[in-house]
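Since the structure comes first, as structure tokens, the remarks are kept for the end.
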Amino acid sequence: MRSLCVFVVLLLLSACQQVQSPRFERATSMPPYQLNSFSEYQQATHQWLSTHRMPVTENASWEVTLNTPFSCGETSTVGVLLVHGLGDSPYFFHDIARDLCASGYQVRTILLPGHGSKPGDMLNAEFSLWENATAHHVSLFAEEVETLFLGGFSTGANLVTLAAHSRNDIAGLLLFSPAYESNIFATRLAPYITGIYPWPNLEPEDNPTRYNSVAMTGFAAYQRSVEALSDAFEERALSLPVFMVVAEQDSVVDVQRVATYFHEGFHTATKTLMWLGEAVPDYPHVTGYTMQLPEQRIGASSHMAVLFSPGNVLYGTKGRLRICDNGQSDEKTRACENGEPVWFGPWGLTEEGKVYARLTYNPYYNTMMTKLTDFMAEAQRH
């Protein structure tokens with residue numbers, strides 16, 4: 001009955017939805033991803049974005065750079081392939097990639113089809129495209145290094161976990177806010193309503209590193225990854241090492257289900273789960289970190305916060321991007337936008353007498369990177 005009610009509401013909304021803007025129209029092409037070398041892929045993607053990206057700032061070339069796949073640490077024989085999440089970009093791994101390369105690893109990021117240019121290009125998104133793009137770059141990288149780790153954020157975590165299920169040469173998984181199951185019920189309907197309700201959230205576009213608006217086709221592709229992952233884990237558990245970081249009050253992900261996957265889906269002693277919150281799951285290899293940090297004006301962690309250091313120029317403590325659209329009253333949103341003092345937390349967190357902005361950095365970032373590199377060293381010994 002709940003599914004039927006949601007479906008009827010979406011049908012009614014679709015009747016009055018009209019989107020007339022070039023920013024929400026799909027491109028007639030997508031950047032190629034099945035190239036024979038990463039440098040060719042990087043160059044081709046940069047060239048395509050230079051032609052097709054619709055900038056949201058006055059610095060178009062800077063935006064293209066933020067969204068272009070990048071690499072570092074090319075001399076290392078231990079590789080890490082990182083895959084971003086729904087609506088995001090390679091920039092989301094700016095800090096983690098930098099620090100992994102400084103620790104002696106070779107890192108590559110990719111751009112999933114439909115991303116990096118304008119929200120309308122998400123209308124071209126398909127789960128199979130994302131899966132194939134990930135698999136291609138896993139295979140390409142595996143031929144060039146002796147040891148390969150796969151890492152992903154949110155939907156990207158789903159994609160690299162699926163890739164690991166189909167191979168036996170992956171050293172370990174590095175998963176940040178893995179979106180193994182959605183916390184949003186309507187996401188389950190997404191594959192069936194892309195044609196009648198293409199834009200579930202239309203927002204002004206002002207972020208150079210991600211889309212604020214995501215087409216229903218993007219949510220549908222994500223949901224397909226959830227279903228494929230469920231089937232894969234039902235078939236067999238994985239025995240490879242896994243490192244996870246989860247925000248307890250993640251508004252996007254069913255974190256309790258993710259914790260269950262961590263405990264039951266990975267049969268290995270080399271596993272770590274950093275739980276950013278108070279109600280820590282009672283499983284081995286799980287360590288909790290309080291997010292009650294009033295001295296930093298932090299009320300809870302958010303889905304995206306796990307990736308960024310406090311020093312990040314866009315998302316850190318002094319970052320240039322403050323996300324005020326956070327599920328609170330219009331009055332509080334305006335106060336946030338006007339630069340008034342704010343607290344920080346996930347989407348939807350609101351308290352009497354407090355104005356909240358999105359928490360966009362990880363107060364335990366340095367701890368996370370120390371634990372991550374220790375984990376990777378241990379994984380290579382086994």
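Values in this text are rule-based calculations from the coordinates and carry no lab data. Predicted model only: the values in this text are computed from it and were never measured. Please note: Cβ atoms are built from the backbone with ideal geometry, for glycine as well, and neighbour counts cover all protein chains shown.
Among the trypsin sites (Lys or Arg not before Pro) within the range 149-218, those in coil by DSSP and having at most 14 neighbouring Cβ atoms inside 10 Å are Arg167.
Among Leu321, Leu162, Leu150, which comes first, then next, by fewest other beta-carbon atoms within 10 Å? Numbers along the way, then the final one.
Details: Leu321 17, Leu162 22, Leu150 30.
If I rank by nearby Cβ atoms, fewest first, I get Leu321, Leu162, Leu150.
Label the chain by shape, choosing from rounded, prolate and oblate, from the square roots a ≥ b ≥ c of the eigenvalues of the Cα gyration tensor; if a/c is under 1.5 it is rounded, and otherwise prolate applies when a/b is larger than b/c, oblate when it is not. Taking the square roots of the gyration eigenvalues as a ≥ b ≥ c, the chain is rounded. From least to most packed, judged by other beta carbons within 10 angstrom and beginning with the fewest, Met244, Met54 follow the order Met54, Met244. Approximating the spin labels as points 7 Å out from Cα along Cα→Cβ, the Glu378-to-Gln34 distance works out to 4.0 nm.
Lys/Arg Cβ at +1, Asp/Glu Cβ at -1, dipole of the range 2-236 taken about the Cα centre: which of Phe185, Ser154, Leu111 is farthest positive-ward? Among Phe185, Ser154, Leu111, the one farthest towards the positive end of the dipole of the range 2-236 is Phe185.
In plain terms, the residue of Thr290, Thr75 with the fewest other Cβ atoms within 10 Å comes first and the most crowded comes last, giving Thr75, Thr290. For Ala97, neighbours were defined as the other residues whose beta-carbon sits under 13 Å from its Cβ, and their charges (Lys and Arg +1, Asp and Glu -1) total -1. Of the DSSP H helices in the chain, those with a Cα length along their own long axis of 18 Å or more and a mean Kyte-Doolittle hydropathy reaching -1.0 comprise 2-16, 127-142, 216-235, 365-381. Restricting the GluC sites (Glu not before Pro) of the range 44-108 to loop positions (DSSP other than H, G, I, E, B) with no more than 16 neighbouring Cβ atoms within 10 Å leaves Glu58, Glu74. Ordering Ala279, Cys324, Met30 by Cα displacement along the dipole of the chain toward the positive end leaves Cys324 in first place; charges were set at the Cβ atoms of Lys, Arg (+1) and Asp, Glu (-1).
Which trypsin sites (Lys or Arg not before Pro) does the range 283-346 hold that lie in a coil by DSSP with at most 13 other beta carbons within 10 Å? Please list the in-between numbers first.
Numbers: sites: Arg297, Lys318, Arg320, Arg322, Lys332, Arg334; in loops: Arg297, Lys318, Arg320, Arg322.
For trypsin sites (Lys or Arg not before Pro) across the range 283-346 that sit outside H, G, I, E and B with at most 13 neighbouring Cβ atoms in 10 Å, the list reads Lys318, Arg320.
Extension gain for Arg257-Gln292 works out to 10.3 nm (0.36 nm per residue, less the C-alpha to C-alpha distance).
So what are the range 153-242's ellipsoid semi-axes, whole angstrom, largest first, if each one is the square root of 5 times an eigenvalue of the alpha-carbon gyration tensor? Intermediate results must be reported in sequence, preceding the final value.
Numbers: eigenvalues 155, 54, 17 Å².
After diagonalising the Cα gyration tensor, the semi-axes are 28, 16, 9 Å.
Placing +1 on each Lys and Arg Cβ and -1 on each Asp and Glu Cβ, with no other charges, gives the range 136-229 a dipole about its Cα centre of roughly 320 debye.
How large is Rg/Rh for the range 60-170, to two decimals, with Cα atoms and a Kirkwood Rh? Provide the component values of the computation, followed by the final result.
Details: Rg = 13.5 Å, Rh = 14.1 Å.
Computed over Cα atoms, the ratio is 0.96.
Each Lys and Arg Cβ is given +1 and each Asp and Glu Cβ -1; about its Cα centre, the chain then shows a dipole of about 280 debye. For the range 87-200, a crude dipole built from +1 on the beta carbon of Lys and Arg and -1 on the beta carbon of Asp and Glu, taken about the Cα centre, is about 260 debye to the nearest 20. Placing dummy labels 7 Å off each Cα toward the beta-carbon, the span from Glu203 to Ser61 is 3.0 nm.
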